[in-house]
Each structure stands twice: as C-alpha cells, then as structure tokens.
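Only one structure is covered here, and it is reproduced in the block below.
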C-alpha cells in the first residue's frame, strides 16, 4: 500500500508521541494537532488521508471538529477514527453521528491500528476509483444526452400554437414528445411513455423518433407511421418494455383531427369558448406489445373548432404524490378544465397545481405535458420547416412516369410517399415540397374517396357526419374488389424552372366536379379540396365524367 498522510489530533502529548511512533513505523507520514481547532486548520492545509481524532479536547472537542471536517470534505472520503476510552453505547453512537467512521480504544494496539489504517486505505482507493468512473460516466451521459436531444427534440416544438413541459426524473427521459410538420402543412404528434424512466426507458425513443420524423416528412399517413413504430419496438425491445402512446394527425386546412390512443391516461380536446371536453380514452394496447399481424389501427376522428385545444399528458402528471402519500389523480386534473378562472390558462393552471400539490412530496415518474391550439393553415405558413435540403443540383429534369394501383392495394398501400420522393429528386422542386405534396394528395384523395368509394363530402358538414364519413370510408375500402387508380407524372424543364403535369384517373363512374366546385363557396367542408387545387395549379382540367383530371404546375 502507498504511504498515507495521517493527522493525529490529541491534546495529550504522550499519546500523540506513541501514535506518531507507531504510524511512522508503518511507513506513513504524520501531522499533528493539539485540539479540535488545530485539527480543522491542519485538515484544510494538508488534506490528510486518514484522521485519528481524540474525543475530548480543549477549544473544540473531537465531535465538533469531525462534523466540520466532514462538511468541508464534501464528496471526498476522509475516514475519521476516534481515539477514546468510552464504552457507553450512546456515547459511541454520538461519535458516529458526528461523522466518525471507527473507534480505537486506549491503550493502543499496534496490530489493530495497522489493520484499521490498511482497511481505510483500501476504502479510499476504491472510493477514488468509483469517483473517477462516475466522472467518466457523467461525461459519457452528457455526450449521449446531446446526441439524444438532437435526434428526439429537433421537431416543430417551436411553433406558436405549441406549448410543452418536459421534466424528466433523471438525465434521460422515459417520456417522448415528438411534433413534426407534415408536407401538407398539418402536424403529426406523438406523446409516448416507456415503462420505467432514465436511460433504459429512453433507449426506445431514438428508433421511435427516427421513424416518426422520417415517415412524417415523406408524407406517410398516421396509420403507416403507427404500425411501423409498433413493428420496430416489438422487434427490438426486451420482454416487459413497451411504449404507451397517443399519436395525432392535425389537419389545419380541413380543421380535422385523427387520434390513435394506446395505453396513456385519458387526454382531452378542450374548447375554450364552449368549455366542452372530448375525452380521448385509450382503446389499444401500447406500442411494442402486439405482433404486427395483430396490431389494430382504429382512431378517433373529430372536426375541430377554432377554439379547440388539444391537451396531452403522461401518467407522471396524474401519479404525482404529496407528502401524505396521495396522488394528484384524474379528478383534480379534470377540475382544471371546469374551473371558470382557467378558461384561457389551462396549461399554466395545470402546471401550477401539480407543483403546488407535490410540494415536499416525491416524484415517481417523468412529467410531460403538451398543449396544441388550432390555427389556420395561413397562420402557420411562415413557420413551415425546411423539410429537405435545398440546392440539389443533380437529378432527372425531363421524364415521364406511369403508376397504377389496383384492387385491394388501394386499401393497403399509400402511394403518396413513393410518388413525392420521385418528385423531390427534381432540382428546385424540393423547396416547393408542401405545395407539391398538397396538390398530389388532394388529387389522389378525390380519385379514391369520390371516384372509387363514392363518398359524399357534404357529410363532413357536421361533427356527426364527419365521423360517419370516415366510418364509411373504412368499410368501403375493405369491400373494394375490382378497381384501379392510374397516376401519370411528367416533368419538362423550362428555362430556370419547369412544368410538372399530373394526370390521375380512376375506374369509378366519375363525380360532379362542377357541383363540388360551387359547394366550395357555400358552407361546410364539401369542395374545399378543389378550391385548394385550383389555387396551386397553373391549369386544372377535368376530362370525361370527372374520373380523369389533368393538373399543370409551373415553377421557376
């Protein structure tokens, strides 16, 4: 063992001489103090490895000196061995309470003293190793958290209609909150809560965020995103680890919301004007539990009012405990939305009440809260994210492409991400991602919903009709036997820009596009898509009975 520095604090000169001789013979260095005050001063000046401290000394006794030394040592391990002839249990206990680590009875036994010094020397070496490993771990965690945050939290949290609280119990968060702009201008949202908290719970957030952001930016529907996240988590997570989650699709143009709920506590859509509350109750298993073939996607559909606000929270909010062992609970949470004085400040009121309720209570989980208000598409236009790198200089500029989707593939496959990906390879079109995606999505939706499925969009004029519309859509898609949609895309370079020609034809009987265009000027949701398409196109022409449409988009 390497030589140690030993501080001997004793007001008895002969006792100090005896101890000094024994300790030096063991190969260690010695410094001395004649009372408690000197012991504290010598500690600050020399930082000894071990202290031999007499209990009864003038000016300041050993217990007081030990308490001060332990406070000033902080995280450093400085063993204090009390020198005493005490035998009463309560007196010995007082020495330990003051910061003592062991006792050495008078008269001193050289063998026992050597054993104690060696034992505490080994303990100091082990403590130093643990401190070094901890510092290394802290540095690694800081780097990992930086990477984690850049991957998980790079979405659209900055938008003016989004407010959030993320308060993890440890460095890493077991809750995951993802918000991404869709190519169409809407928002996709995921609030998830992995079992447990800290690093083990946060590991699953990285593949979830990669899938969520990647597929959202490519225009995949919420159904495909949710199914892919479930498949990935089922494959990679160990047994017993899963993710309770709510996934939301907010369409600001049509003022609609699609919600899939899997395992989280009840969340709400709250109307600030009417005080009406839509409760979003879980009706699915958490993500990562079921095999892909057993996974179900049965979302809620709502038409949204301009005063509607979406509130999502994890179970850490509900399960917040106070000093008496009570939980905050759903009743106190829902009361926030019923109180007259919280009409427009529900987010702040909820945060304040949870904090006030907890007071000195202990948290048992991560805290996550999200508020998203409804805005018009125009309100968010200036906040749109750059969904891809601009400046693409290579790629096809002069081409024609034909794609046909048939029969049950119409129900099981969304071609938009594939088609948009091709269009984004054209130099210059990537900067127009939102417009291109919206144009293609509206044209394809018209062909499928009205051309193939024969749905009447006037149903969407009321909340009840809106829900009926989507129920009928699911039922008719499942019943499709013989049908097809043909998509022709052609791009021609023109000077510093180009001309994109989209032709979409369906095998349906056609629809009254002139009547739908007139209804767009009336009330409800009917026909709005046609008005949007015309605003984006240089030219829009319906052919035949309305089952073939040709749209021209010119750009520079």
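The values are calculated or read from the model by the stated rules, or taken from the named source; none is laboratory data. Note that the structure is predicted; figures quoted are calculated from it, not measured. All Cβ positions, even for glycine, are placed from backbone atoms using ideal geometry, and neighbour counts span all protein chains on display.
Condition check ((1) in contact with a helix residue (DSSP H, G or I) (Cβ under 6 Å, 6 or more places away or on another chain); (2) under 25 Å from residue 415 (Cβ atoms)) across all residues:
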{"residue": "180", "(1), (2)": "yes, yes"}
{"residue": "190", "(1), (2)": "yes, yes"}
{"residue": "216", "(1), (2)": "no, yes"}
{"residue": "234", "(1), (2)": "no, no"}
{"residue": "256", "(1), (2)": "no, yes"}
Selection over region 399-417 where residues are surrounded by fewer than 14 Cβ atoms within 10 Å (Cβ to Cβ) and free of Cβ contacts under 8 Å to residues at least 24 places away in the same chain yields a count of 2
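Could you grab me the full set of residues in region 269-283 that are within 19 Å of residue 298 (Cβ to Cβ) and surrounded by fewer than 22 Cβ atoms within 10 Å (Cβ to Cβ)?
Taking region 269-283 first, the residues within 19 Å of residue 298 (Cβ to Cβ) are 269, 278-283.
Selection gives 278, 279, 281, 282, 283.
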Within region 539-555, residues over 10 Å from residue 502 (Cα atoms) and either part of a strand (DSSP E or B) or not assigned by TED's automatic domain parsing to the domain that holds residue 505 (or both) come out as 539, 541, 542, 543, 548, 554, 555
Those residues that are surrounded by 18 or more Cβ atoms within 10 Å (Cβ to Cβ) and either out of contact with any strand residue (DSSP E or B) (no Cβ under 7 Å at 6 or more places or on another chain) or not assigned by TED's automatic domain parsing to the domain that holds residue 501 (or both), I need them from region 437-450; list them, please.
437, 438, 441, 442, 446, 449, 450
Being in contact with a helix residue (DSSP H, G or I) (Cβ under 6 Å, 6 or more places away or on another chain) and either without any contact (Cβ under 8 Å) to a residue 60 or more places away in the chain or surrounded by 24 or more Cβ atoms within 10 Å (Cβ to Cβ) (or both) is the filter here, so list the residues in region 244-254 that pass it.
247
For region 46-53, indicate whether the set of residues that are at positive phi and modelled with pLDDT of 90 or more is non-empty.
yes
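Only one of 278, 284 is over 20 Å from residue 179 (Cα atoms), assigned to a strand (DSSP E or B), in contact (Cβ under 8 Å) with a residue 12 or more places away in the chain and in the same structural domain as residue 207 (by TED's automatic domain parsing); which? Show your work before the answer.
Numbers: 284 fails: assigned to a strand (DSSP E or B).
Answer to the selection: 278.
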State yes or no: is residue 298 over 22 Å from the mean Cα position of the chain (by Cα), outside any loop (DSSP other than H, G, I, E, B) and either in the same structural domain as residue 351 (by TED's automatic domain parsing) or closer than 22 Å to residue 182 by Cα (or both)?
no
